[in-house]
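Working notes for the structure below.
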Amino acid sequence: MLNKKVHRYLMSTQNGYTAKLIKFCPNFRSLRLTWTAYAPKSAGMEEFVDEYLPVIRENNPQIRYFLERSHKDWDPWIIGEYEWIRNRKRQVVSKTKDQILALIEEMAIGGDYRSGQKRRVQTRLPRGQELWDTETMGHDVFKVYSKWKADPEDPDAITVETHPHFVHRKMS
């Protein structure tokens, strides 16, 4: 009898304490949880929402949370939305609350535990939002040359150097 209790204790998951330690990365914007009410494949998601989500929400008030609970039969999903409309989706059919917590923890650090260049959510800006120094060689793309020489300079005018997404690229 004693061996069964020890065995059950040793085989139980031990990551429940990490819910209060989760801090989302700076480019994480919102967390969307979808599941079917009272469905066996969504039981882990309902337990997660009851037990771990309040702790995560308390420690991360800057994140928007969307909880979509339906009576239509669909698979439960976790969708993490990052800035610049980047996202990660994970299907959590028949997963336990602790497995779902591990997936949320993975999204919180930036998308994926595994190493590799394409694994994590890209923090670099989309190409249309960047201004490269090679595009502005020899001229200021924001300078407006007026026909009237007596026009005063605008003190709030943006320049290449003050552009918020100015990127210096290495010439190779």
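Of the residues making up segment 42-77, not one is assigned to a loop (DSSP other than H, G, I, E, B), of a type in the set (D, E, K, R) and either free of Cβ contacts under 8 Å to residues at least 12 places away in the same chain or more than 18 Å from Ser94 (Cα to Cα) (or both).
Within segment 145-156, can one find any residue that is modelled with pLDDT of 80 or more, under 30 Å from Gln62 (Cα atoms) and not aromatic (Phe, Trp, Tyr)? No, there is no match, as no residue in segment 145-156 is modelled with pLDDT of 80 or more, under 30 Å from Gln62 (Cα atoms) and not aromatic (Phe, Trp, Tyr). I'd like to check something: does segment 83-90 contain any residue that is within 13 Å of the chain's Cα centre (by Cα), at pLDDT below 80 and assigned to a loop (DSSP other than H, G, I, E, B)? The answer is no; no qualifying residue exists. Looking only at segment 21-41, count how many residues are loosely packed, with under 15 Cβ neighbours inside 10 Å, more than 16 Å from the chain's Cα centre (by Cα) and outside any helix (DSSP H, G or I). Matching residues across segment 21-41 total 2.
It is to be established whether one or more residues within segment 106-113 are surrounded by 13 or more Cβ atoms within 10 Å (Cβ to Cβ), under 21 Å from the mean Cα position of the chain (by Cα) and over 16 Å from Lys23 (Cα atoms). No - not one qualifying residue is present in segment 106-113. Taking residues in segment 85-99 that are outside the structural domain of Ala37 (by TED's automatic domain parsing), and partners anywhere that are buried (at least 16 other Cβ atoms within 10 Å of the Cβ) and in a loop (DSSP other than H, G, I, E, B), not one pair has Cβ atoms closer than 6 Å while being at least 6 places apart or on different chains. In the condition set (1) over 18 Å from Phe28 (Cβ atoms); (2) at pLDDT below 90, Asp98 is compliant with all but (2). I'd like to check something: does segment 103-115 contain any residue that is under 12 Å from Leu33 (Cβ atoms) and assigned to a loop (DSSP other than H, G, I, E, B)? Within segment 103-115 (the criterion being under 12 Å from Leu33 (Cβ atoms) and assigned to a loop (DSSP other than H, G, I, E, B)), the answer is no, since none of the residues qualifies.
The values are calculated or read from the model by the stated rules, or taken from the named source; none is laboratory data. All values reported here derive from a predicted model rather than from experimental measurement. Counting neighbours? That spans all protein chains shown, and the Cβs are built from the backbone with ideal geometry, glycine included.
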